Amino acid sequence: MSPDRMMIIGLLLNVLSHGSVPVSASSDCVVAEQRCTQEPSCIVLYRLLEYCAAEEAVSPLGSDARLECLDAQNSLQRYRPLQVCKCQRGSRREEHCLKVYWTARFAAYEEYEVSPYVELQLNLVKHLEMTRMASIMAASSLSVDGQNQCLKAAQDCGLYEKCGSLRSEYVVACTKRATVTDNSCNRQKCHKALRRFLERVPEEYSFALLFCPCSDTLCGERRRKTIVPSCSYEENGRGEERVGKPNCLSLQNYCSRDELCRSRFADFQHNCQPSPLAASGCVRESRAMCLKAYAGLIGTIMTPNYVNNSSTEVSQWCSCDGSGNEWPGCQRIMHMFSGNLCLRNAISSMGFSAPPPVENTPVPASPPPPRVYQERVHVGVNTLPEFNSMEDSEEENQQQEEESEEFNVIPPYSEKDTNTESGARGSTRGAAGRALPFLTLLLLPTLILDGACWSY
């Protein structure tokens, strides 16, 4: 095999292990920042923009201060490394990298069409989509007809040590009471644990949990409760009182003040942009990348989920009540999920045994009274503290069972409660080792026979 072919295989193995192509030193935002600090003319402008971003996060800047910040941003555009740099999702330096990315784009609060994350090459995306989808399809084809696919996905996750432990971790974080007297949860810890699960567990397991095909409401309920909706996005009041949905514009405004949420939302719009002319329904012709971008929103204030137990329609936990003359903008946010052809086709493509849902055209909602929507929030609520490791496992498992009835969650499958306990340890190693080699075996024949599609 030629050295070039070996290099391609090595790159693909790295992508399958980590989820994206490594950012080169020339395009990494952290490296661009380090180089900027070595140039006096660059660092002065960059530090000024850092100050502008920090002040803007607390309260709106005055007109004079804003003009000065905009002048600095325009001047910094001459320093190209900061203008073209990207970040790698899930990396240890992701939050720092995103801070640099958005600092250099101080005035671009509405810039959601360009993703701050590094993009995969088109041919590479197609190969990854083919192998990943084939892997999940092969796993689902082993099931018995009529079996609850979401339950099976939970069982498979429990047999893979990393998936089972990280899933248990986020269930505990999302069901544990914030205080003894308060029934609410710690949403920050819940979001942190959800992101850890989705970033560290291979898509063969996480996607099977999030997008498992269902033919009955019991399966649909398990699927909808996978991300613990009562803690991850629903608003709960004191005691049993239920708080209504927030306004979608307010939700987006919160998101725009946090680098991580803002970046994930931009990545979602970039990769899930619909097109009625494309076969996949996506402008970028990649359903897998759309699903990955959708999953990236889970664990932020923009966390989406299924609207009920009987369909694959997804939405955010928000409404347009009180939007006033900003009603069209609010509807645009809602239709990014409920009316998104690309996202709908991507989710339906995971349901190999279930036909696409029949959708009826909804009756247009009547506009609210013509009052001006003025709510603007400038505090980032999605900046999360460090997630503490789990306490004693036996104590938390017991507490989890007690609290699962109070929170909207189905406890994760545990192999300890089945007859597979004796073989669980051996199965975890086998499951952990099967995902990557399986994808590699599927991929190698394509690389050997279809080498012409790679260009350099």
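The values are calculated or read from the model by the stated rules, or taken from the named source; none is laboratory data. What you see is a predicted model, and the numbers here were worked out from it, not measured in a lab. Positions of Cβ are generated from backbone atoms using ideal geometry, with glycine treated the same way; all protein chains shown enter the neighbour counts. For accessibility, only protein heavy atoms count, side chains too; no ligands or nucleic acids. Shrake-Rupley method; radii C 1.70, N 1.55, O 1.52, S 1.80 Å.
Table for the structure above
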| quantity | calculated |
| --- | --- |
| Where E110 falls short, out of the listed (1) surrounded by 20 or more Cβ atoms within 10 Å (Cβ to Cβ); (2) modelled with pLDDT under 90 | (1) |
| Residue tally, condition of a type in the set (V, I, T) and modelled with pLDDT of 90 or more, over region 1-57 | 5 |
| Residue within region 215-234 that is at pLDDT below 95 and in contact with an Asp or Glu (Cβ under 8 Å, 6 or more places away or on another chain) present | no |
| Residues of region 326-345 satisfying the condition of being of a type in the set (D, E, K, R) and in contact (Cβ under 8 Å) with a residue 60 or more places away in the chain | E326, R344 |
| Top-ranked residue in region 277-300 [being assigned to a helix (DSSP H, G or I) and of a type in the set (D, E, K, R); ranked as least open to solvent (accessible area, probe 1.4 Å)] | K292 |
| Those residues of region 179-226 which are of a type in the set (V, I, T) and either in contact with a Ser or Thr (Cβ under 6 Å, 6 or more places away or on another chain) or in a helix (DSSP H, G or I) (or both), in sequence order | T217, T226 |
| Selected residue (criterion: modelled with the highest pLDDT) from residues of region 178-212 that are surrounded by fewer than 20 Cβ atoms within 10 Å (Cβ to Cβ) and of a type in the set (S, T, Y) | S184 |
| Leading residue by the ranking (most open to solvent (accessible area, probe 1.4 Å)) among those in region 50-105 that are out of contact with any Asp or Glu (no Cβ under 8 Å at 6 or more places or on another chain) and closer than 16 Å to D267 by Cβ | S91 |
| The one condition in (1) closer than 19 Å to L297 by Cβ; (2) open to solvent by less than 20 Å² (accessible area, probe 1.4 Å) that C150 fails to fulfil | (1) |
| Residues satisfying the stated conditions in region 153-175, i.e. among the aromatic types (F, W, Y) and under 11 Å from A193 (Cα atoms) | Y170 |
| Among (1) assigned to a helix (DSSP H, G or I); (2) within 20 Å of the chain's Cα centre (by Cα); (3) buried (at least 23 other Cβ atoms within 10 Å of the Cβ) - the single one H270 does not satisfy | (3) |
| Count - residues of region 301-346 that are open to solvent by 10 Å² or more (accessible area, probe 1.4 Å) and β-branched (V, I, T) | 3 |
| Any hit, region 92-105, residues being in a loop (DSSP other than H, G, I, E, B), within 20 Å of the chain's Cα centre (by Cα) and under 16 Å from A32 (Cβ atoms) | yes |
| Test: residue in region 231-241 that is at positive phi and surrounded by fewer than 18 Cβ atoms within 10 Å (Cβ to Cβ) | yes |
